[in-house]
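K.L.:
Dumping the structure here so I can ask a few things about it.
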Amino acid sequence: MMEKFKNKKTIFLYLTGFFSGMSVMAIELGASRLLSPFFSSSQIVWTIIIGTIMIAMALGNIIGGRIADKEKSPTKLFILLFIASIWTALIPLVGKMIIGGIAVGLATFITHNYLIWAALLSCLIVFVFPLLVLGMVTPNLVKYACSTLDESGKVVGRIEALNTIGSIIGTFVPTFITIPNIGTTWTFLVFAIILFIITLTYFILLSIKWIRKVFIVVIVLGLGIASSFIPTAFWQNNVLYEGESIYNYLRVAEEDDYIYLSTNVLFGVQSMKMKNGELTDSYYDTALAANTFVDSSKFAKDILILGLGTGTYAEESLKYFKVNKIEGVEIDQKIIDLAYKYFDLDERVITYTEDGRAFINRSKDKYDVIMVDAYQDISIPFSMSSLEFFTLIKEHLNPNGCLVVNMNMYSDKEGSINDYLSSTIKHVFPYVYTSKIGTNVELFASVDKDFKEGLNDKIPDIESNVLRERMEKVYKSLNEYTNTSYLLTDDKAAVEKLSMSVLDDMIVDELSGFKNMIKGKSIKELIKMLFNGDFA
């Protein structure tokens, strides 16, 4: 039977190599999307994903080679592929719960390098097995596709080429087709079905009983499909929208007083809108001080926002100041769509779907105020944190214009990410001031030595009593930043490593109350609290 299989069905083995290579990359990209809402999509997380996958594949090659030497047919390989297809189908349902459990569980006792340990443990538990099996494919195919040693080079070349081509396609399909259009859950299911079809075909070709296996997979796929209806933040009951874009996990939720957008299920609010239309009592309000610093006119007329989000700062600028032009750059078109649908973004805001650095590179316009609000969680783009970037910003400001930067991770330790960002900006702008708001720091920079006093001088001219009071507080909170010891450049900007250190400290602070909440509780009580939404 095996001779017949070798002689007539080699094409099937080549196809197995092709689709297994495709599945590896699809699972890798799917892994990043499952981990991102919990641990960000930073380079650190990507390094852990890629490193774990490479280790799993290497071990798979070794184990697969040993299996190939011992077995007379590839049946064991296809049985393992069958199990891997079931595992892959269950990842969206079981995997997200395991990752969420790890994210919360480790945070209660890990105080150093939390991001590394949590992401690593998640990868080991959820993703290693199917990738280990996929790593076994090539050495097995090489053995069973070769009839003689004389053709081994040709066969190995074909299998490796098809596996690589599959990997290339498996890189583009999830990123540009399945994840943006049908989501991460269905991406896993699609490639689980592909693996299942491969194993089913093998069993049919060799007349091995497969009806029971079909029944098992149908049940598992049913569970996987059902998981697509389970939200990532399944413990929250105030979610208006949850979905994915090519860049982000996105969630719009509402509280009694406001609606907000978040790209992380554990912490962080990217944009918000108060239901009563008033100030947010957050960093967005503080940033409005930039509109008063410029002295080319009474208040800022032309504003550019790099990192528009759903337009909180833009809306407040339009409400409280007579702005001529306000432009917002947001890399994620889906966020702009949500801004119009859930946050009633004013149509006077001119939006661009583009990377902020790319926009500022091609733009020829100048502005009174440029706001940089493109840092979210630990995902700080190094290209928008460097000396070269802030030099470009300076070139696009009107005389005596103001740069305002939202730094969303506060730390009072010397040499923190905020010190690096502030010091880098200080290398470009001679006058830099900061104001701390909760876990955020708002930075204002200008070439005008009197720009701080510009705020104080114009406070009486602000029509809104609420905003006037807010600006008085901002003025009193401003501290001049003079340190130039640190520098980030396009060549060297370890922003994620610096951010991870701050994240460790934030987790310790943020979860102190959570630890007290769960202290002394039984498993039954914790489960009840989870489904009652007490942790939201």
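K.L.:
Please tell me if V329 is assigned by TED's automatic domain parsing to the domain that holds G401, at pLDDT 90 or above and under 23 Å from S435 (Cβ atoms).
P.N.:
Values: assigned by TED's automatic domain parsing to the domain that holds G401: yes; at pLDDT 90 or above: yes; under 23 Å from S435 (Cβ atoms): no.
So V329 does not fit the description; no.
K.L.:
Then there is this: Any residue that is touching a helix residue (DSSP H, G or I) at 6+ places or on another chain (Cβ under 6 Å) and of a type in the set (S, T, N, Q) - is there at least one of those in segment 394-404?
P.N.:
no
K.L.:
Scan segment 64-90 for residues that are touching a Leu at 6+ places or on another chain (Cβ under 7 Å) and β-branched (V, I, T) and jot them down.
P.N.:
Result: I67, T88.
K.L.:
Are any of the residues in segment 437-448 at pLDDT 65 or above, within 31 Å of the chain's Cα centre (by Cα) and part of a helix (DSSP H, G or I)? Give the derivation first.
P.N.:
The initial filter retains those residues of segment 437-448 that are at pLDDT 65 or above, namely 437-448.
With within 31 Å of the chain's Cα centre (by Cα) added as a condition, the list becomes 437-445.
Now narrow it down to the ones that are part of a helix (DSSP H, G or I): none.
Looking through segment 437-448, none of the residues is at pLDDT 65 or above, within 31 Å of the chain's Cα centre (by Cα) and part of a helix (DSSP H, G or I).
K.L.:
Condition first: at pLDDT 80 or above, more than 23 Å from K301 (Cβ to Cβ) and of a type in the set (A, V, I, L, M, F, W, C). Can you find one or more residues in segment 482-504 that meet it?
P.N.:
Scanning segment 482-504 turns up at least one residue that is at pLDDT 80 or above, more than 23 Å from K301 (Cβ to Cβ) and of a type in the set (A, V, I, L, M, F, W, C).
K.L.:
Hey, any hits in segment 472-480 for a residue that's part of a loop (DSSP other than H, G, I, E, B) and either modelled with pLDDT of 75 or more or more than 31 Å from the chain's Cα centre (by Cα) (or both)?
P.N.:
yes
K.L.:
Kindly establish whether F172 is crowded, with 17+ Cβ neighbours inside 10 Å and assigned by TED's automatic domain parsing to the domain that holds T88.
P.N.:
Here the answer is no, as F172 does not meet what is asked.
K.L.:
Related question: Is it the case that some residue within segment 139-148 is surrounded by fewer than 20 Cβ atoms within 10 Å (Cβ to Cβ), among the polar types (S, T, N, Q) and in contact (Cβ under 8 Å) with a residue 60 or more places away in the chain?
P.N.:
Checking segment 139-148: at least one residue is surrounded by fewer than 20 Cβ atoms within 10 Å (Cβ to Cβ), among the polar types (S, T, N, Q) and in contact (Cβ under 8 Å) with a residue 60 or more places away in the chain.
K.L.:
Given the conditions (1) under 30 Å from D461 (Cα atoms); (2) surrounded by fewer than 15 Cβ atoms within 10 Å (Cβ to Cβ), report the number of the one that A358 does not fulfil.
P.N.:
That leaves (1) as the condition not met.
K.L.:
Let me ask something else. Identify the residue in segment 266-290 that is among the β-branched types (V, I, T) and over 30 Å from P399 (Cβ atoms) and, among all such residues, is modelled with the highest pLDDT.
P.N.:
The initial filter retains those residues of segment 266-290 that are among the β-branched types (V, I, T), namely 269, 280, 286.
With the extra rule that they be over 30 Å from P399 (Cβ atoms), the set shrinks to 269, 280.
Values: V269: 78, T280: 88.
Filtering segment 266-290 for residues that are among the β-branched types (V, I, T) and over 30 Å from P399 (Cβ atoms), the one modelled with the highest pLDDT comes out as T280.
K.L.:
In the set S85, S152, S122, which member is in a helix (DSSP H, G or I), in the same structural domain as I194 (by TED's automatic domain parsing) and closer than 22 Å to I193 by Cβ?
P.N.:
S85
K.L.:
Would you check if there is a residue in segment 52-64 being among the β-branched types (V, I, T) and surrounded by 19 or more Cβ atoms within 10 Å (Cβ to Cβ)?
P.N.:
Checked against the condition, which is being among the β-branched types (V, I, T) and surrounded by 19 or more Cβ atoms within 10 Å (Cβ to Cβ), segment 52-64 yields at least one hit.
The values are calculated or read from the model by the stated rules, or taken from the named source; none is laboratory data. Remember, it's a predicted structure, so these values are computed and weren't measured experimentally. Glycine gets a Cβ as well: all are built from the backbone with ideal geometry, and neighbour counts include every protein chain shown.
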